[in-house]
Amino acid sequence: MTALRRLLAGETAIADGKPVRMLHAGGLTASRPVQVPLWISVFGPRGTALAEKVADGVIGPPHPVLPTATIISGTVLDPGEDRESDRVREAIGPWRVVDWHNAYAKGGAEAVDALPGGRAWRAALEELAPEDERHLLTFEGHVTHLPDRDRRLLDHIDLKTMVGDAARVGRSLARLADLGFHEVVYAPSGPDVARELRAFATARQQRSAADR
């Protein structure tokens, strides 16, 4: 973080024991110094303590001093839409199936088999590659799209968290503010990201209007 600040200031910094600097000619990038806040993702006590010295904000649990953001996924329902709809499952699925990915990567067969649909998901993956190559497939489509084997998990994913009409999502954002978060990093997924962004912006605007 210290080196990055020096680079953005137009100075020479040290990386991997060697001097480095931004080499862009004039007009090819923002003029230095580049004034931009630098946030880092921290979750443990050492990172929390260090962040106060080097960062302008954090992504993680609410920090005692610095402004804090959290990453969220979800979808805003169309008027009259059921949260159990296929559109909802496809929109939030790429994020929600990560629980199965993580279970397999960290705990192996036993961990993922303990999740609903996990045994069938694992069998489908293991048919595609030998053991020493399965790690290449475990996170395929990670938070962006759904391979066929992941689509089979859509009946088991969380359909409640940050899923609702604009008013409900707005209330959920307000609760995050009450918990001490200053910002949210909204990470849409699914086949129509532009639609997700527009709908979420509407929910945010409703929440801001309620604040006023």
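Checking 87, 46, 119 one by one, the residue that is closer than 17 Å to residue 189 by Cα, open to solvent by 50 Å² or more (accessible area, probe 1.4 Å) and assigned to a helix (DSSP H, G or I) is 87 and no other.
Would you pick out the residues in segment 155-164 that are open to solvent by less than 80 Å² (accessible area, probe 1.4 Å) and charged (D, E, K, R)? Result: 158, single match.
Based on what the data block shows, is residue 172 surrounded by 14 or more Cβ atoms within 10 Å (Cβ to Cβ), at pLDDT below 95 and closer than 18 Å to residue 73 by Cα?
Yes, satisfied.
Which pairs have Cβ atoms under 9 Å, sit 6 or more apart or on different chains, and link a residue in segment 111-137 that is under 14 Å from residue 151 (Cα atoms) and of a type in the set (A, V, I, L, M) to one that is part of a loop (DSSP other than H, G, I, E, B) and open to solvent by 40 Å² or more (accessible area, probe 1.4 Å)? So the pair list comes out as 120/152; 124/152; 125/134; 125/140.
Here is a yes/no grid of residues against (1) of a type in the set (Gly, Ala, Ser); (2) open to solvent by 30 Å² or more (accessible area, probe 1.4 Å); (3) at pLDDT below 95; (4) under 30 Å from residue 200 (Cβ atoms):
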| site | (1), (2), (3), (4) |
| --- | --- |
| 76 | no, no, no, yes |
| 102 | no, yes, no, yes |
| 109 | yes, yes, no, no |
| 115 | no, yes, no, yes |
| 124 | yes, no, no, no |
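Within segment 184-198, being touching a helix residue (DSSP H, G or I) at 6+ places or on another chain (Cβ under 9 Å) and either touching a residue at least 60 places away in the same chain (Cβ under 8 Å) or open to solvent by 80 Å² or more (accessible area, probe 1.4 Å) (or both) holds for 184, 186, 187, 188, 189, 190, 191, 192, 196.
When segment 140-154 is examined, which residues are found to be without any contact (Cβ under 8 Å) to a residue 40 or more places away in the chain and open to solvent by 70 Å² or more (accessible area, probe 1.4 Å)? Residues satisfying the conditions are 140, 148, 152.
On the stretch given as segment 61-84, residues that are farther than 24 Å from residue 193 by Cα and not in a strand (DSSP E or B) total 7.
The values are calculated or read from the model by the stated rules, or taken from the named source; none is laboratory data. Source: prediction; values computed, not measured. Heads up, the Cβs are rebuilt from the backbone with ideal geometry, glycines too, and the neighbour counts pull from every protein chain shown. Quick note on the areas: whole protein, heavy atoms, side chains included, nothing else; ligands and nucleic acids left out. Shrake-Rupley method; radii C 1.70, N 1.55, O 1.52, S 1.80 Å.
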